[in-house]
Amino acid sequence: MALPASRSTAAPSPPTAAEAPERPRLARARVAVPAGLRPPARRWTRALGAYAYVAPAGLLLLAFQVYPLFYGGYVSLFRWGLTRQAFLGIANYAQVLRDPEFWRSLLVTVYYVVGVVPAEIVLGFLVAVLLSQRVRGRAAYRLVYFLPYVTSMVALGLVWSWVFNANFGLANAVLRLLHLPPQRWLLEPRGVLALLRGGLSFWAGGPSLALVCVIVVTVWYYTGFHAVVYLAALAAIPMEIHEAARLDGARGWRLMRSITIPLVSPTTFFLAVIATIGAFQSFSIVYTLTGGGAAGGNAAEAGGPLGTTRVVTLFIFNTFYGEFRVGYAMAAALLLFVILLALTLLQLCLGSRRVHYLGGAG
Amino acid sequence: MTPRTGSFIGRRQLLRQAAAAAGGAALGWWAGGLLRPGHGAARAAESPVAVAFWHGNSGPLGNILDALVSQFNATHPRYQIRSEFVGNYTALNQKVMSAVAAGTPPDAAQAGAYGAVAEYLQENLIVPVQKFVDGPDGLARQSLADIFPGFLEDNTFVVGGRPTLVSWPFNKSVMVLYYNGTMLRSLRLGVPRTWDEFVTASQRAMRAGKVTAGMGWTPGSDFFAALLLQNGGRLLSPDARQVQFQSDAGVRALAFLKDLYDRKIMYLTKQYDWQNDLVAQKICFAVSTIVSQQYIQQDLKGAWDLGVAPLPAGPRRATILFGSNGVIFAHARPEAQAGAWAFFKWWAEPQQTALWSVQSHYLPLRRSALDTQIMKHLFAQDPRQRVALDSLEYAHPMPDNVAAWVRIDPVLTDAITKAVTGLAAPRDALQDAASRANTILRG
């Protein structure tokens, strides 16, 4: 989109008679010297200045992201318990790929991502559309929806585990009011399809009811964040486009489908990418809801019942801290990194074709 | 610029002279220290050897531990134990892992369950305490025999083909039965001594509308292990090369748990939810370690009488030992190792272990502690405290001294959950778990 002329160039003020002889010199001073023609010392000074600006963030990234990544790669090549032992080459990777528990945790993660990401995006968008209407107390509504996101995830996890308490929780109290049979919620390892239809084998029954509970809490937690991002995107759509569409007779759903949704597609794309990465890396909420963190509790307990909520990050955590298999856990972590990288590239590749940028080439 | 004259010196010259003066002073101090006879020894005598000790006892338990550490430091001027709470057992293990990776482990630590000691030993990170027990500041055979045998069994590992005391019993507890004394009295029920009596009492309380179920239970291998032992079974073969929990005794133990669940005498909980349910009188029994008493009493605030009884008996009596042990790290300086051992040895002496037991509800480590005035006074005041001690005669530890157990335990717990909730028959669930466990044991 073209910028207004007033922001792209400075309007020159008319010269006075006294300034007239100076004009050629001023004009020369304003001409930008190409980088290659500048004196080397000045180029170095400018470069050093730039490096100094990026150094704090760059050093933090190097120390806490890049270095651990490479060190993790190094550790994954060894039998590594608490200390380095024998060199194994890629044997840890081969073993992880043969480990049914790893694949099971990957399947649980896929269920989780598929359950969480679309729901967060759709609900976030709907809430944003509602909150963008001119209603009384709009700021209060916005606060209410955003509140979960700024609350401690661990505290929320504990509260929700009370809601889903199988014996005396609120969720079962509601079911009883509706004359429905109580459920075991976070303690139920059977798949929701098996619960609905019966007769399905353990893993063919779909995600366990326990995992569905975790998905519900996650969606509830992140919807506010998605709504706020969508609110900003909705506010950025120029009114003229909506007005022009209305003049052409578009109303309601047609306006939403043809104008609003395409114009917020860059935001949808951005949210889809970060929500997918976030869901793959989800840990705290699953850990808190599914049994980890009890005083004196075994780290390997998290991810129950029967491992049906053991997402890949929990598998890595349990292997690392519960079983002291650091090299093996690192190999699994790097495989997760590769999977995420591939998935993000795929999203970029597929998503960029369907995204409409306002004023851009599309 | 200031002109250089006789009375002014330049910045560089000033820095040079200052550096020379500082270097000279340091050299003089070092040389003086060398030339003064006995100076190093005098300094050692002045400043005690610092021993970093990490533990996992927080709140009231941490305060009691810190008070005892202060007492040790006051009576042992050669050493200064610096105790530091670093989180629960899981967090303690994690922090030790991180410290080992960073090359800065503490001198000594509590090592919680879940195979931590076995892992430390496997990686040569700790010095077996047998070295100190047999050393000049060691323990007489008679003194060692005074320690309850289950605690020594828990800390004995096979090292170089020989049974070796690797870690030192520190805070030990045992599995007991908790009951709502007020409710049982109101229903004219006695304290169950067998599982049959437990079932009858639970059903009476449920029929009377006093509770939802007899007990709540978070599935775990330890309660199953107690029932397995009561049925005459074992978790592992004596040489620890294969598991044996899939035996008929194991199937009977698991079928009993499933029966309790099917008859709604027992429901399943998560983490420590059963503790809240007991306090709220939704259940009238619970099975847990004797130390839970501290937390239950805290929540109960005297609303009703909490009873403690030995674990009900099956065909025979058996219960499970819990708690952590003390380890001494190999990287520690020899004098710090000696300090850590002095502390552990002192900790297990009758007076200290009795004091710790009375205040914390953990068990005293040796028999002679029962003869101390403080314990006699406790038993006279509150006879419940004898219950756990009486259980010690038939208490056994979980096989945490087998490194692979940390990976087998979740497999067994999953099998128990599957069988209890009806997703698999007890025998099938145990057979499947045994097959996977034996694969883990074979490495």
Residue list for segment B:334-357, restricted to those being surrounded by fewer than 23 Cβ atoms within 10 Å (Cβ to Cβ), free of Cβ contacts under 8 Å to residues at least 24 places away in the same chain and farther than 15 Å from B:Pro128 by Cα: B:Glu349, B:Pro350, B:Gln351
Filtered residues of segment A:62-113 (kept if within 14 Å of chain B (Cβ to nearest Cβ), farther than 30 Å from A:Leu211 by Cα, touching a residue at least 60 places away in the same chain (Cβ under 8 Å) and among the small types (Gly, Ala, Ser)): A:Gly81
Residues of segment B:333-389 satisfying the condition of being outside any helix (DSSP H, G or I) and touching a helix residue (DSSP H, G or I) at 6+ places or on another chain (Cβ under 7 Å): B:His361, B:Tyr362, B:Leu363, B:Pro364, B:Leu365, B:Arg366, B:Thr372
Residues satisfying the stated conditions in segment A:73-85, i.e. of a type outside the set (Ser, Thr, Tyr) and at pLDDT 95 or above: A:Gly73, A:Val75, A:Leu77, A:Phe78
Cβ pairs under 6 Å, 6+ apart, first in segment B:224-248 and outside the structural domain of B:Thr156 (by TED's automatic domain parsing), second among the hydroxyl-bearing types (Ser, Thr, Tyr): B:Ala226/B:Thr319; B:Gly233/B:Ser247; B:Gln244/B:Ser237
B:Leu300 vs. criteria away from chain A (no Cβ under 13 Å), hydrophobic (A, V, I, L, M, F, W, C) and either within 27 Å of A:Gly157 (Cα to Cα) or without any contact (Cβ under 8 Å) to a residue 60 or more places away in the chain (or both): yes
Checklist (1) part of a helix (DSSP H, G or I); (2) within 14 Å of another protein chain (Cβ to nearest Cβ); (3) of a type outside the set (A, V, I, L, M) applied to B:Phe151, failing item: (2)
Extreme residue, farthest from the other protein chains (Cβ to nearest Cβ), among residues of segment B:126-148 that are farther than 18 Å from B:Arg162 by Cα and surrounded by 20 or more Cβ atoms within 10 Å (Cβ to Cβ): B:Ile147
Of all residues in segment B:77-112 being of a type in the set (D, E, K, R) and away from every other protein chain (no Cβ under 14 Å), the one that is nearest to B:Val166 (Cα to Cα): B:Asp107
Candidate set: segment A:162-187, residues that are in contact (Cβ under 8 Å) with a residue 24 or more places away in the chain and in a helix (DSSP H, G or I); chosen: the one farthest from A:Arg310 (Cα to Cα): A:Trp185
Strands (runs of 3 or more DSSP E) wholly inside segment B:1-114 containing at least 2 residues that are modelled with pLDDT under 55 and buried (at least 18 other Cβ atoms within 10 Å of the Cβ): none
Hits in segment A:240-274 (condition: exposed (fewer than 13 other Cβ atoms within 10 Å of the Cβ) and at negative phi): A:Glu240, A:Glu243, A:Ala244, A:Arg246, A:Leu247, A:Asp248, A:Arg251, A:Trp253, A:Arg254, A:Arg257
Condition check for B:Lys264: at pLDDT 95 or above and part of a helix (DSSP H, G or I): no
Segment B:277-288: number of residues that are within 27 Å of the chain's Cα centre (by Cα) and at the interface with chain A (Cβ under 9 Å from one of its Cβ atoms): 1
Qualifying residues in segment A:315-362 (those that are within 14 Å of chain B (Cβ to nearest Cβ) and within 21 Å of the chain's Cα centre (by Cα)) - the one modelled with the lowest pLDDT: A:Phe317
Hey, A:Ser152 within 30 Å of A:Thr268 (Cα to Cα), within 14 Å of another protein chain (Cβ to nearest Cβ) and of a type in the set (Ser, Thr, Tyr) or not: no
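The values are calculated or read from the model by the stated rules, or taken from the named source; none is laboratory data. Everything numeric in this text was worked out from a predicted model, so none of it was measured. Cβ atoms come from the backbone with ideal geometry, glycine included; neighbour counts cover every protein chain shown.
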